Amino acid sequence: MAIMLVGFSVFSNAGIITHNNWKTDGTIVNYTGANKTLSNKEWLSWSLTDEMSIEQVLNSDLVLKDGWYIATI
């Protein structure tokens, strides 16, 4: 799993939101386009790490227990 902290603004609590080739439930973001570098990955929404430094994210349960990591492309 990869964390690409994507800045989606989600103002609704209803279901899945789709914009162009991106789809999110407000927490996890998926890319559905043809770009092979981006496809088949789950991206964690920026909102889950608001006001956290990279150091804080790397030392958080998101990385240490849940298996997320900061994506590099």
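When restricted to residues that are within 13 Å of the chain's Cα centre (by Cα) and in contact (Cβ under 8 Å) with a residue 12 or more places away in the chain, region 25-37 contains 6. In region 29-48, the qualifying residues are those that are farther than 16 Å from Tyr69 by Cβ and small (Gly, Ala, Ser), and the one that is surrounded by the most Cβ atoms within 10 Å (Cβ to Cβ) is Ser47. Each residue in region 40-73 was checked for being more than 12 Å from the chain's Cα centre (by Cα) and among the polar types (S, T, N, Q), and 6 of them qualify. Annotation for region 28-47: at least one member residue is at pLDDT 80 or above and in a helix (DSSP H, G or I). Tally time: how many residues in region 64-73 are among the hydrophobic types (A, V, I, L, M, F, W, C), surrounded by 10 or more Cβ atoms within 10 Å (Cβ to Cβ) and touching a residue at least 12 places away in the same chain (Cβ under 8 Å)? The total comes to 3. Within region 49-59, which residues are free of Cβ contacts under 8 Å to residues at least 24 places away in the same chain, surrounded by 14 or more Cβ atoms within 10 Å (Cβ to Cβ) and not in a loop (DSSP other than H, G, I, E, B)? Of everything in region 49-59, just one residue is free of Cβ contacts under 8 Å to residues at least 24 places away in the same chain, surrounded by 14 or more Cβ atoms within 10 Å (Cβ to Cβ) and not in a loop (DSSP other than H, G, I, E, B), namely Leu58.
The values are calculated or read from the model by the stated rules, or taken from the named source; none is laboratory data. Being a predicted model, the structure only gives us computed values, none of them experimental. Every residue, glycine among them, receives a Cβ derived from its backbone with ideal geometry; neighbour counts consider all protein chains shown.
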